[in-house]
Amino acid sequence: MKNKGVFITGTDTGIGKTVATLALGTLLQERGIDVGVMKPVQCAGDDAQFLKESLHLKDSLKRMNPYYAPEPLSPHLAFARQKRSININSIKKAYQKLASGHDLMLVEGAGGLMVPLKRDYLVADLIKDLNLDVVIVAPLGLGAINHTLLTIRQTEEMGLNIVGVLFNQTKKEKGGIPEATNPDVIRKYGKVKILGSIPYLKNIQPEAIRKICKPKMDIHYLMPNTALRRNRVQRFVDGDKKYLWHPFTQMQDWLDEEPLVIDQARGAYLRDTRGNYYLDGVSSLWVNVHGHGHKLIDRAVKSQVNRLSHSTLLGLSNAPAIELAEQLVAIAPKGLSKVFYSDNGSTSVEIAIKMAYQYWQNTGRKQKKDIVHLANSYHGDTLGSVSIGGIDLFHKVYRNLIFKTISLDFPDCYRAPQGESYPDHAFKFIKKFERMLKDKHKTIAAFVVEPIVQGAAGMIMWPRGVLKKMRDLCKKYEVIFIVDEVATGFGRTGKMFACEHEDVSPDILCLAKSITGGYLPLAATLTTKKIFDGFCFDYKNQKTFFHGHTYTGNPLCCASGLANLKVFKKEKVLKKLQPKIKFLEARLKDFYDLPQAGDVRQRGFMVGIELVKDRDTKEPYPWEEETGARVCREARRKGVILRPLGNVIVLMPPLSITFKELEKLLDVTYWAIGKVTGTNG
Ligand SMILES: *Cc1c(COP(=O)(O)O)cnc(C)c1O
C-alpha cells in the first residue's frame, strides 16, 4: 500500500467535512488529478452518494461507503445497535482497490479524530492503518481556536502527518473579528499550513465551488508530488552512506547496496520510506515483544515525557525506577530482591561480574577471583562481556584486551558424537563441570550462563535438567551463579523467564532487550539480599559498589518497562502465546522437507534453523558463502525481515504476532531457504 491519499477530519461533527471533500475534489479534478473518494463509515445522511454524483465517480457506492448505519450516532454505537461490527480489514481492502484506480484518494472521516469506530479503535487508528496524511476541517468563528488547536495537538501526538487546516464558513452572516483572524492564529499557534477557507455556499455544487472557492483555497499541498517523495527517499539513502557506521556490518559491502530505511512501524510490521511493508521476523533484534506502536506503551512514554524525562539515580531517586524495581522483583525468580539498572545487555552482565567479584573481595574470600563461562557464549560487546564470550568471529581480534577467564566447552546440541544422544552428551559436560568445581572452587568467583537457549551462539538449546544441575553445583561449591536472560527474558521461551522452566533461582539475573517492550534502552541486574549485604559497610571500608552510568534508572525507560509488564498482565500475553508456540512447532516440522535444513530448533518463540551443506555428515556451509545472509536477503524481497546467525536462520517474532502473520513468516522463510539452497520444487 502506497501513501497516496489524505484523510479529511473535522474539529467536531457538522463542521462541513463533506463540503470540504467536495471542494478539494472539485479543485483537484480541475487540475487534472484523478481523485477517488471514500467515506468508510457513515451514520445517517447520504454523503457518499452526494460525493459520488457531484464528482462523477464511477466506483461502486458499496466500495466508497462499506459501512452505513441509519441512526445519527457515534459509529461504535450506531453499528452495535444494528448488531453489526466494523471490520477494519475490509475497509483496508476497499481502500486499496479504490486507491489503485485513482491518482489521489480523499477519505472522509466520521465525526472527529477521537470518535470510536469500535471497541479500542478510534478514527485516528483508521487513519494510521490506512497510512494517510490528515486535512483538518475547522469552523470559523468564536471557539474555533480551542477545538482546532486541540485537534492539531492530538493528530501530532498520534504520529500522524498534517497536510493543513481548511476553514469552512458554515454560516451565512458576514464574519467579525474571529472569522477574520482565525486562520492566522491557527497558523501561528498550531504551526500548520492553512489550505484557505471555504466561503458560505448557498448551493453546494461543483459549479459554485469553482467560482467562489477557488480564489480562497490553496490546494497545492495536496497535489501528489511523487518527485518530492522520491527526493526524500534518496536523501536518506545518501545520508546513510555518507554519515553512518553500522554495527556488526562490513561497511564496504554496505556501501555497495541500497540501504532499507525504516520510517514507521505498527504491530508486527515495519514500513520503509518508500511505503513498503515488512514483517518484523526478529522483533527488531529480539526486543519488540508486543509489536510496534503498542498503544499502552506509547501512552505511558508520552505521559512520562510530560512529567520527567531524566533525573539521575546518583544521589536522587525517581518514581518509575522505584516502581519498576518493585515489579521486577515481584516477577523474578524468588530470592532476587535488589535491582541495579543500566542501559544495555552488555553492561547488565559487566555489572553482574563486577558485583560477584567484589562480593568475595568485600567478604574476605579474596582468592575467589576467577570467572567461569561457556566457550561458545555471548554476553555482549563491551570488553568485560567480551572477556566471558567466546564467539570467535566476533571476539578473536580483541583477545589481548580482555581479562583471563575459565572457558568451558559446552556440547553442541546438534553435533553429539555418533551413537550418543544429545542429553547424554550434555550431562557428560555436567560431570566435567563438577570435577572442575571440586578442583578449583576456592578460586572461582562466579559462573555465567545464558539459560537453556544460547542465542547468539546459534540458538543452541539445552536438554531439560542441565540448568538446574548447574545451579545446584554452584550452590554446593559456593560459586555465584549468574544467569544472563537478556535474550530469553520476557516470554521468549514461553515463560516469563527461562529459569522458570526448571524452577531455578540464580544469585544474579541479567535482563535487557525486551525489558521495555522494545521501546527504549534499559537493563537491570537483579541480585539477592545476601550479595547486597556484602556491600553494606561503613563508607571508610571502601567496599561501595563504585559503578554507575549517567542514564541509570532513566524515568522514560522505566516507564516503558512498567507499561511492558502491564501489557503482559492485561493482555494475558503468556497464556495467548501457548497455542502460537504449538502452531509454530507443528509448522516447523515441514522445514525438514528442505534437504539443507540440518536442524530445526525451537524453545517457545525462539527458533533456529541450521542450514548445512550435507545433512548426513552435518557439514556446515563455509562461512564465507554467507548462506544465512543470502536467505535473509531473499526473504526481504518477499516482505519479511530476518537476521541470521551464521548459517542459522533465526525466527524470533513479536509475541503479539497473529497466526496469519506467523504463517506468512514461515512460508516466506521456507521459500527463501529453498531458493538459496537450490531446492525449491
Ligand atoms: C544481546 C545480548 C547481550 C548484549 O546486549 P546489548 O544490549 O546488545 O549490549 C547480552 N547477552 C545476551 C544473551 C544477549 O542476547
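Apply 1/(1 + (r/R0)^6) to the Cβ-Cβ distance of SER303 and ASP120, taking R0 = 22 Å, and write down the FRET efficiency to the nearest 0.05.
Efficiency computed from Cβ-Cβ geometry: 0.75.
Could you list which residues have their amide H under 5 Å from that of SER337, counting only those 5 or more apart in sequence or on another chain, with H placed in the peptide plane?
THR527, THR528, LYS529
Could you work out, for the stretch 111-219, what percent of all Cα-Cα pairs fall into each 5 Å distance bin, beginning at 0 Å and stopping at the bin that holds the largest distance?
The calculated distribution, bin by bin, is 2, 11, 21, 21, 18, 15, 9, 3, 0.
Let me make sure I get this right: for the stretch 499-561, a, b and c are the square roots of the gyration tensor eigenvalues over alpha carbons, sorted descending. Under 1.5 in a/c it's rounded, otherwise prolate if a/b > b/c, else oblate. Which is it?
The shape class here is oblate.
Helix-only estimate, please: 222 nm mean residue ellipticity of the chain, summing -39500 (n - 2.57) across DSSP H runs of length 4 or more and dividing by its residues, to the nearest 500.
My calculation for the chain gives -11500 deg cm²/dmol from helical runs alone.
Which links in LYS295/LYS589; LYS468/LYS530; LYS440/LYS495; LYS93/LYS613; LYS302/LYS570; LYS128/LYS334 stretch past 31 Å when you go from one Cα to the other?
Violating the 31 Å limit, Cα to Cα: LYS295/LYS589; LYS440/LYS495; LYS93/LYS613; LYS128/LYS334.
Find how much the distance from ASP590 to PHE659 grows on full extension, using 0.36 nm per residue of separation minus their present alpha carbon separation; answer in nm with one decimal.
23.2 nm
Could you work out the percent of alpha carbon pairs in the chain separated by over 41 Å, rounded to a whole number?
Value for the chain: 40 percent of Cα pairs lie more than 41 Å apart.
How long is the gain from GLU500 to LYS540 if the chain were fully straight, where each residue apart is worth 0.36 nm and the alpha carbon distance is subtracted?
10.4 nm
Return a whole-number percent for the relative contact order of the stretch 133-225, with Cα pairs under 8 Å and 6 or more residues apart as the contact set.
Averaging sequence separation for qualifying contacts and normalising by length gives 29 percent for the stretch 133-225.
Find which of LEU324, SER377, PRO595 sits farthest along the positive direction of the dipole of the chain, computed with +1 on the beta-carbon of Lys and Arg, -1 on that of Asp and Glu, about the Cα centre.
My answer, from the dipole projection, is LEU324.
Can you tell me, using C-alpha contacts under 8 Å and at least 6 residues apart, the relative contact order of the chain as a whole percent?
Result for the chain is 12 percent.
Using a 1.4 angstrom probe and counting only protein chains, how large is the accessible area of GLU585 in Å², to 10?
90 Å²
Using just the alpha carbons, could you tell me how many Å³ per residue the convex hull of the stretch 574-677 encloses?
Convex hull volume per residue, Cα atoms: 85 Å³.
Could you do me a favour and compute the accessible area per residue for the stretch 316-569, 1.4 Å probe, result in Å²?
Value for the stretch 316-569: 42 Å² per residue.
What shape does the stretch 36-141 have by the C-alpha gyration tensor, where a ≥ b ≥ c are the square roots of the eigenvalues, rounded means a/c under 1.5, and otherwise prolate means a/b greater than b/c and oblate the rest?
Cα axes put the stretch 36-141 in the rounded bin.
May I ask you to compute the full-extension gain from VAL237 to LYS369, defined as 0.36 nm times their residue separation minus their alpha-carbon distance, rounded to one decimal in nm?
Gain on extension, VAL237 to LYS369, equals 42.6 nm.
Taking a cut-off of 15 Å between Cα atoms, list the aspartates and glutamates near LYS193, but don't count ones fewer than 8 places away on the same chain.
Cross-link targets: ASP133, GLU156, ASP184, ASP218.
To the nearest 20 debye, what is the magnitude of the charge dipole of the chain about its Cα centre, counting +1 on the Cβ of each Lys and Arg and -1 on the Cβ of each Asp and Glu?
Value, rounded to 20: 1160 debye.
For the stretch 4-225, calculate the relative contact order in percent as a whole number, restricting contacts to Cα pairs under 8 Å that are 6 or more residues apart.
About 26 percent, as a whole number.
With N residues in the stretch 316-569, what two-decimal value do you get for its Cα radius of gyration over 2.2 N^0.38 Å?
The stretch 316-569 yields a ratio of 0.98.
The values are calculated or read from the model by the stated rules, or taken from the named source; none is laboratory data. In this text, all values refer to a predicted model and were calculated from it rather than measured experimentally. Methodologically, a virtual Cβ is constructed for each residue, glycine included, from the backbone with ideal geometry; neighbour enumeration extends over all protein chains shown. Accessible surface is based on the protein model in full, side chains and every heavy atom, while ligands, DNA and RNA are left aside. Shrake-Rupley method; radii C 1.70, N 1.55, O 1.52, S 1.80 Å.
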